[in-house]
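One structure is given below, encoded as structure tokens.
FYI, it's all coordinate maths here, none of it is from the lab. All values reported here derive from a predicted model rather than from experimental measurement. As a convention, Cβ positions derive from the backbone with ideal geometry for all residues, glycine included, and neighbour counts pool all protein chains shown.
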Amino acid sequence: MWRRRVGALLLRPRSSSIPTPSATHRRRHHLLLPVSVPDEKGPLASNVLLLRLFTSQAGADGGNPRKPFIAFVLGGPGSGKGTQCTRIASDFGFAHLSAGDLLRNEIASGSEKGVHFRELILDIIKEGRIVPSEITVELIRKAMESTDAKRVLIDGFPRCEENRIAFERITGTEPDLVIFFDCPEDEMVKRLLGRNQGRVDDNIETIKKRLKVFENLNIPVVDYYSSRGKVHKISATGTEEEIFGAVRKLFASLGFENFVFHKSRGL
Ligand SMILES: Nc1ncnc2c1ncn2[C@@H]1O[C@H](COP(=O)(O)OP(=O)(O)O)[C@@H](O)[C@H]1O
Ligand SMILES: O=c1ccn([C@@H]2O[C@H](COP(=O)(O)OP(=O)(O)O)[C@@H](O)[C@H]2O)c(=O)[nH]1
Ligand SMILES: [Mg+2]
């Protein structure tokens, strides 16, 4: 766990200097606060985000050197969380931890916890319900422990208030930022039915249940973090590229350097 990792290594080699905002960005933001985020729809002001980044991100401006910058990525099933997380991870040097993938990997792993444990998880996923918090938090905790990343995306978690409380209790930390991908139900259903990854839960019966669970149990988590000023809402309609445009603006406003952008220009 990062708490025990004094002087944690970077996700990428130090020479690439991706994970910390550039000195120029830092200087610029310190001089120009508050910074506006173009097209920002969420209530979270950029200066609040920046302050959080610089007080929590390891190594940046004297923040806690052991705690990574944690972003929860939330949104309904099919809203594009996984798709956008992949882009964020590669452009901005985040580790991408998908709670759903961790659970699916556990089912496929033949782990020492036994077949009944794996069947329990599979049955819950098939029914679109939420796996007990202690199982999911333990998988996330282990995944965080095994990465040296200074910034981490947690995709599709917490799914409910109980998940959130368990995460905060067990890890002793909170997210620095919560991204919420806002997508109409009919669009989410269309995307899930076309996802074509052979998932046991991408069928219309389970999708209907997942949408109810999302509305009843996941939205309260978004509301909780909204009340704490941590949520940045991004409209998830439009093309993948258009949505990533809004995501990119958010991260740029936080001072994160776009590694791909710089690399493509030989910088
Ligand atoms: N902006 C988009 N427009 C159309 N389809 C999309 C878009 N973003 C993602 N998809 C597709 O929709 C499906 C669900 O996306 P995914 O990223 O898995 O969502 P989530 O992780 O929120 O369930 C995938 O097949 C993905 O390729
Ligand atoms: O923190 C989590 C994440 C996922 N799941 C279960 O795993 C399924 C698939 O989650 P995933 O995030 O992969 O689905 P997505 O929203 O990306 O389609 C969910 O419906 C839940 O049954 C869960 O119980 N807890
Ligand atoms: Mg997903």
Computed FRET efficiency, Cβ-Cβ of Ser90 and Gln197, R0 30 Å: what is it to the nearest 0.05? 0.95
Kindly state, to the nearest 0.05, the FRET efficiency for Ile204 paired with Ser146, given R0 = 41 Å and r defined as their beta-carbon distance. 0.65
Work out how much length Arg169 to Asn216 would gain on full extension: take 0.36 nm times their residue separation and subtract the Cα-Cα distance, in nm to one decimal. 14.7 nm
Over 19 Å between Cα atoms: which of Lys113/Lys142; Lys113/Lys208; Lys67/Lys230; Lys67/Lys113 fall into that group? Lys113/Lys208; Lys67/Lys113
With 0.36 nm assigned to each residue of separation and the Cα-Cα distance removed, Glu162 to Arg129 gains 10.6 nm
Length-normalised contact order for region 153-267 - Cα pairs under 8 Å, 6+ apart - percent: 34
Simple label model, 7 Å out from Cα along Cβ direction - Val115 to Asp186, nm: 4.6
